[in-house]
1. Among the candidates L344, L322, which residue alone is more than 30 Å from N244 (Cβ to Cβ) and at pLDDT 85 or above?
2. Condition (residue is under 21 Å from the mean Cα position of the chain (by Cα), surrounded by 13 or more Cβ atoms within 10 Å (Cβ to Cβ), closer than 17 Å to S525 by Cα and not basic (K, R)) applied to the range 442-449: is it met by at least one residue?
3. If you go through the range 79-100, how many residues are open to solvent by 30 Å² or more (accessible area, probe 1.4 Å) and touching a Leu at 6+ places or on another chain (Cβ under 8 Å)?
4. When you look at W357, is it surrounded by fewer than 16 Cβ atoms within 10 Å (Cβ to Cβ), without any contact (Cβ under 8 Å) to a residue 24 or more places away in the chain and over 30 Å from S321 (Cα atoms), yes or no?
5. Has the range 55-74 got at least one residue that is open to solvent by 70 Å² or more (accessible area, probe 1.4 Å), at pLDDT 70 or above and not hydroxyl-bearing (S, T, Y)?
6. Return the total of residues in the range 453-476 being open to solvent by 80 Å² or more (accessible area, probe 1.4 Å) and either farther than 22 Å from L519 by Cβ or of a type in the set (A, V, I, L, M) (or both).
7. Sort through D595, D585 and tell me the only one that's over 30 Å from Q463 (Cβ atoms), in contact with a Pro (Cβ under 7 Å, 6 or more places away or on another chain) and either modelled with pLDDT under 80 or of a type in the set (K, R) (or both).
8. Any idea which residue in the range 550-567 is farthest from F308 (Cα to Cα), counting only those that are at pLDDT 90 or above and open to solvent by 40 Å² or more (accessible area, probe 1.4 Å)?
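The values are calculated or read from the model by the stated rules, or taken from the named source; none is laboratory data. As the structure is a computational prediction, the values presented were derived from the model and not from experiment. Cβ placement follows ideal geometry from the backbone for every residue including glycine, while neighbour counts extend to all protein chains displayed. Please note that ligands, DNA and RNA were not included when accessible areas were found on the heavy atoms of the full protein model with its side chains. Shrake-Rupley method; radii C 1.70, N 1.55, O 1.52, S 1.80 Å.
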Amino acid sequence: MNQVAVVVSQVVEQHLTSCQLVLATTTDNTSEFSYILRRLAGGGEASTVVDVGLLFSQGQPAQHHLLQGLWGDVRFSCRALILYIGTNYNTLLFKFLEWSELWQWPETSVVVVGTRTVMESVLLHPSLRNTVHLLYLVLEILPRQKLPVNTWLRKGTLQQEGSARVEIYRRCLYCNRGEIGVHSVQQWNLSSRVPLEHNLFPERLENFMGYALKIVTLAYFPYIAYGKNNEDPDGPLSPQDALNTRMMDVIAAQLNLTYEIWEPSDGEWGVPLASGNWTGIIGILQHQQADLTLDVMQTASRTEVISFTRVYSHDPLVILSLKPGRLPRHTALVRPFAGELWVLVAACTFAFGVVLWLLQKAWSSLLGERNPRLFSTILYSWGVLLEDPPTHPPANVSGRILVGFWFLSCMVIGTAYRSSLIAHLAIQNNFLPINSFEDLLGRDGWSWGCKNFTGANFLYFNQSTDPVIQEINKKMQVIDEESGMERVLAGGFSYIFQEKNFLVKVEYDDRYSNIPLHLGSNEYSNVVGNAWGVRRGAPFIDQISAMKQRMMEAGLITYWLDDVLRERVVSTKGGRASKTVSSEDEGHQVVLGLDHLQGAFYLLLLGYIIAFFSLLGENLAHCCPVLLHRQQSRLLEDSFSH
């Protein structure tokens with residue numbers, strides 16, 4: 001068994017010197033495996049040794065503790081696993097590989113030492129399905145040769161047994177049109193070291209040899225678009241022009257890939273179930289039934305079951321409403337002050353009149369003068385506020401001091417009112433726009449809705465702990481996009497879109513080119529961004545992420561997204577995009593005109609009407625007693641004449 005240790009130590013020494021080593025064997029092979037362990041320890045290689053039989057005989061706490069540190073030593077730049085099978089093909093080893101989740105670490109180098117009879121079974125075992133660097137060492141002991149007397153043995157030769165021949169086989173993960181294959185790398189006599197001219201771990205996955213990626217996704221323009229295959233309606237879908245289609249075509253050409261697009265049978269992006277499984281696309285990737293999905297939102301919960309490539313886009317939720325209309329001109333006179341301030345000014349004016357009346361009444365009682373009238377003092381306080389006070393101030397000092405402070409207060413109030421009035425007259429104001437969920441909740445009689453969200457957006461509204469979002473979700477109306485737009489145009493309704501979907505449905509649609517719409521300035525999202533979801537342990541994730549990074553740096557993704565939208569507008573409407581929706585309020589200064597002062601004229605007209613009816617009432621009140629007296633006189637004269 002010393003020959004095995006020599007071969008393994010030479011492979012580690014020449015190719016795995018900077019790697020974290022994990023050595024695994026079964027209890028049946030412990031004695032043979034000890035040779036390998038001693039040989040590596042003598043070379044100064046740090047390693048973790050796992051007796052698989054002993055491991056599975058222990059309880060869960062010991063297994064959990066080992067799993068936490070099995071692949072996570074940050075002191076090393078790479079990982080390597082050495083398996084010794086020996087003559088006994090023990091299924092416990094492969095149970096250990098599944099338990100240790102080796103399939104999630106595709107870059108781990110695996111060296112298997114065993115016999116030729118089980119080589120193919122080991123190299124094609126599902127537990128090693130994602131491993132890129134996989135070697136299988138076969139040792140054959142040659143017949144003993146008689147050595148001459150007084151012959152010195154060189155280092156590396158074996159005296160106890162005959163010389164050994166080593167054969168190395170490498171598993172090719174993507175060859176033969178993307179399928180797995182086995183190749184013989186080298187064979188040599190153990191008396192010589194491993195040939196340095198052979199790189200035992202050459203694969204960098206730059207050429208996938210036509211491997212067919214299985215992509216599962218749902219249509220979501222402008223990112224994803226496809227149609228049914230007329231030749232095979234139940235087969236793969238036919239990709240159509242969209243952002244992800246252009247990206248996937250470039251990646252496939254560069255990495256020598258092909259791909260097929262399928263829909264999930266339940267038509268969902270994916271939400272978690274109580275059992276820990278997911279529905280839809282996420283569930284398919286979770287159970288390794290597909291390789292990739294295009295444009296899925298990356299969330300913390302999804303990251304626990306699948307992997308993600310480089311985030312390349314962000315598509316938040318936005319609020320679409322009718323653009324707020326202009327405030328009526330005739331209310332410009334009252335807008336400088338808020339309603340609460342107007343009430344406070346009126347209350348203070350009335351209170352001043354009452355206090356002044358009480359003060360004057362107290363002085364009149366002491367001096368024996370005629371008591372003042374309450375109505376007169378209240379009118380006096382209003383006259384001071386309107387800068388038209390009576391000409392006779394109070395005669396006593398205390399009353400004059402009180403009036404002086406009231407004069408000062410009214411001067412401050414009047415100055416603030418005039419300056420604010422000029423601003424409101426000079427700048428055309430609008431009703432407050434709806435920019436956030438708080439604005440929706442604060443608007444009386446307002447309603448809102450969205451399409452039937454699934455996946456990340458469904459989780460955003462149904463799992464949020466924010467009370468505002470919970471209240472929004474409670475009153476949310478599920479309505480299709482066409483009906484939602486009709487409700488928006490009718491007023492009193494807001495529709496919650498995803499931003500890119502809004503561009504397709506509204507901003508690039510000629511039907512809304514002359515309709516004033518407002519896009520809320522607040523954006524809502526609980527995701528990192530849009531990425532491609534990949535099954536856990538997929539060996540091609542780094543290559544795809546690197547290609548996407550190159551496209552982003554070259555500006556291709558932004559260019560393609562705009563181009564896809566433009567082409568859709570031209571093909572469906574035969575025109576050009578008309579971007580009319582703005583999220584900013586428009587305001588500009590204008591010259592004051594008669595229209596701006598209509599509120600003052602309405603107030604003057606109201607004053608004329610009130611004065612007219614007051615005069616009419618006074619005349620009626622004065623004329624009625626006279627007429628009644630004349631009528632009574634005539635009745636008396638008639639009675640005397642008779």
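1. Testing whether each residue is more than 30 Å from N244 (Cβ to Cβ) and at pLDDT 85 or above leaves just L344.
2. Applying the first criterion (under 21 Å from the mean Cα position of the chain (by Cα)) to the range 442-449 yields 448-449.
From the residues that got through so far, the ones that are surrounded by 13 or more Cβ atoms within 10 Å (Cβ to Cβ) too are 448-449.
Next cut, closer than 17 Å to S525 by Cα only: 449.
Then drop every residue that is not not basic (K, R), which leaves 449.
Yes, because at least one residue in the range 442-449 is under 21 Å from the mean Cα position of the chain (by Cα), surrounded by 13 or more Cβ atoms within 10 Å (Cβ to Cβ), closer than 17 Å to S525 by Cα and not basic (K, R).
3. 1
4. Criteria not met by W357.
5. Taking every residue of the range 55-74 in turn, none turns out to be open to solvent by 70 Å² or more (accessible area, probe 1.4 Å), at pLDDT 70 or above and not hydroxyl-bearing (S, T, Y).
6. 7
7. The match here is D585.
8. Selected residue: Y559.
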